[in-house]
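S.K.: Here it is, the structure in full.
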There are 2 protein chains.
Amino acid sequence: MVAEIKEVNVLSADEVLKSWQGHRRLTRRVIEAFPEDKLFAFSVGGMRPFADMAWEFIRMAVPIVDGVATSEWKEFGGTEPKPTTKAELLKVWDVQTAELNEKFPKIPAHRFSEVDTAFGQWKNPGIVTIQYAIDNEIHHRGQGYVYLRALGIEPPAFWER
Amino acid sequence: MVAEIKEVNVLSADEVLKSWQGHRRLTRRVIEAFPEDKLFAFSVGGMRPFADMAWEFIRMAVPIVDGVATSEWKEFGGTEPKPTTKAELLKVWDVQTAELNEKFPKIPAHRFSEVDTAFGQWKNPGIVTIQYAIDNEIHHRGQGYVYLRALGIEPPAFWER
């Protein structure tokens, strides 16, 4: 007898965090793979440079985890300047890695399924908002792979996390 | 009192299927957005044309669901020829959409956490193998967005599923 699909739980909060941090380690390697100047200036088809995409991931990650945890939706560090070097970007990245490990496990269980309006705009259950941040990172990181290939640089293996 | 994170179930099989089908609808719109000839020939940085990526998604989706469901890992339809037109590709795509809706809910509950070696090569719990297929689709579809931009074509909105 097959269980009702709606009742089959397939991912725990812990597994989502581990998967996300795996993706974030890969994204970090993609940032590192760019030459400094290309990271902030190179793009294809009139799109944003990869540093702008990475900055978007940073502006979403901890603020979303904070929002899902507390139902307070605040922009990323209003006083933090946008990094202008690879080293600065990676430094903020690594601070977020530790913050996510600390904050994610403290999200109250009921908040994953509770519907809330993220940043006053996107109405979804907490887990959907978190999944959106992860999917958005995978999506744009894939674009960074094209930039690297166009620059003649071999990107890191997608399956290595 | 915050529940133990390892015990907090955040996604059901049904939600994973719905999210995947949402991504697949977006991927279908990306396939449609390509002019016929560009779909099979255009690329950036020496990468594959988007039709080859879409074909990879097709070769992974149902075979992975079959493999997780049954523990038999079979290549996608050994006798099926690779599509050479957009219409053929979309037709196979739509057949898979229906097949996934039929087969995914029949995956036995225990198979999502059970470790199995997908296609004799990748050893992971069933849900991780399924998530890999979804993430791989998001990753390469993001690359298709760059191809479209490089062609001067506005891609479909990422957040619309």
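S.K.: At what distance in angstrom do the alpha carbon centres of the range B:135-161 and the range A:88-161 lie from each other?
M.R.: Using only Cα atoms to place each centre, the spacing works out to 18 Å.
S.K.: For the range A:1-101, which GluC sites (Glu not before Pro) are both in a DSSP coil and crowded by at most 14 other Cβ atoms within 10 Å?
M.R.: Numbers: sites: A:4, A:7, A:15, A:32, A:36, A:56, A:72, A:75, A:88, A:99; in loops: A:4, A:72, A:75.
Those that pass, being in a loop and sparsely packed, are A:4, A:72, A:75.
S.K.: Working from Cα positions, state the angle (0 to 90°, nearest 10) between the long axis of helix A:50-70 and the longest principal axis of chain A.
M.R.: For helix A:50-70, the angle is close to 20 degrees.
S.K.: Okay, next question. Given the DSSP H assignment, sum -39500 (n - 2.57) over each helix run of at least 4 residues in the protein assembly as shown and divide by its residue total; what's the result at 222 nm in deg cm²/dmol, nearest 500? Intermediate results must be reported in sequence, preceding the final value.
M.R.: On the way: 10 runs with 182 residues, N = 322.
Calculated at 222 nm, the ellipticity per residue is -19000 deg cm²/dmol.
S.K.: Can you give me the long-range amide H partners of residue A:10? Hydrogens built in the peptide plane at 1.01 Å from N, cutoff under 5 Å, separation of 5 or more residues or another chain.
M.R.: B:11, B:12, B:13
S.K.: Over the range B:7-74, what is the relative contact order in whole percent, taking alpha-carbon pairs under 8 Å and six or more residues apart? Display every interim value, and only then the final one.
M.R.: On the way: 24 pairs, mean separation 10.3, N = 68.
Computed value for the range B:7-74: 15 percent relative contact order.
S.K.: Not counting ligands, DNA or RNA, and with a 1.4 Å probe, what is residue B:113's accessible surface area in Å² rounded to the nearest 10?
M.R.: Roll a 1.4 Å probe over it and residue B:113 shows about 90 Å².
S.K.: Output ³J(HN,Hα) for the range A:133-146: one whole-Hz value per residue in order, computed from phi by the Karplus curve 6.51 cos²θ - 1.76 cosθ + 1.60 with θ = phi - 60°, and x for Gly and Pro.
M.R.: Running phi through 6.51 cos²θ - 1.76 cosθ + 1.60 with θ = phi - 60° gives 4, 5, 4, 4, 5, 4, 4, 6, 4, x, 5, x, 4, 5 Hz.
S.K.: Just tell me which lysines come within less than 17 Å, Cα to Cα, of residue A:86; anything on the same chain fewer than 8 places away is out.
M.R.: A:38
S.K.: Quote to one decimal, in nm, the extra length available between residue A:153 and residue A:84 on full extension: 0.36 nm per residue of separation minus the C-alpha distance between them. If you can, show how the numbers build up before the last one.
M.R.: Numbers: separation 69, 0.36 × 69 = 24.84 nm, distance 2.17 nm.
Computed gain between residue A:153 and residue A:84 is 22.7 nm.
S.K.: For the range A:17-59 and the range B:39-81, what is the separation of their C-alpha centers, rounded to whole Å?
M.R.: Using only Cα atoms to place each centre, the spacing works out to 27 Å.
S.K.: Run the numbers on the range A:1-148 and let me know its relative contact order in percent, using alpha-carbon pairs under 8 Å that are six or more apart. List each step's numbers first, then the result.
M.R.: Working: 132 pairs, mean separation 41.4, N = 148.
That works out to 28 percent.
S.K.: To continue, here is another question. Quick one: label points 7 angstrom along Cα→Cβ at residue B:41, distances to the other copies in nm, smallest first?
M.R.: 3.4
S.K.: When the chain is fully extended, how far beyond the present Cα-Cα distance does residue B:71 get from residue B:36, taking 0.36 nm per residue of separation?
M.R.: The span from residue B:71 to residue B:36 would gain 8.9 nm if fully extended.
S.K.: Against the longest alpha carbon principal axis of chain B, how many degrees, from 0 to 90 and to the nearest 10, is the axis of helix B:86-103 turned?
M.R.: 10 degrees
S.K.: Cut-off under 13 Å on the C-alpha distance; same-chain residues fewer than 8 positions from residue B:106 excluded. Which aspartates and glutamates are left, in chain and number order?
M.R.: A:4, A:7, B:14, B:66
S.K.: For a quick check, take a GNM of chain A with Cα springs below 10 Å and name the residue from A:68, A:30, A:115 with the largest mean-square fluctuation.
M.R.: A:115
S.K.: Now a separate question. Along the Cα→Cβ direction, 7 angstrom out, place labels at residue A:21 and residue B:99. What is the inter-label distance in nm?
M.R.: 3.7 nm
S.K.: At 7 angstrom along the Cα-to-beta-carbon line, where would the label on residue B:52 sit relative to the other copies? Give the distances in nm, shortest first.
M.R.: When each copy's label point is compared with this one, the spacings are 2.9 nm.
S.K.: Using a 7 Å offset from Cα along the direction of the beta-carbon, what are the separations from residue B:119 to the same position in each other copy, nm, ascending?
M.R.: 3.6
S.K.: Related question: Between helix A:13-33 and chain A, what is the angle of the helix's C-alpha long axis to the longest principal axis, kept within 0 to 90° and rounded to the nearest 10?
M.R.: Orientation of helix A:13-33: about 0 degrees from the principal axis.
The values are calculated or read from the model by the stated rules, or taken from the named source; none is laboratory data. Quick caveat, the model's predicted, so the values are computed rather than measured. All Cβ positions, glycine included, derive from the backbone under ideal geometry; neighbour counts span all protein chains shown. In case anyone asks, the SASA skips ligands and DNA or RNA and just uses the protein heavy atoms, side chains included. Shrake-Rupley method; radii C 1.70, N 1.55, O 1.52, S 1.80 Å.
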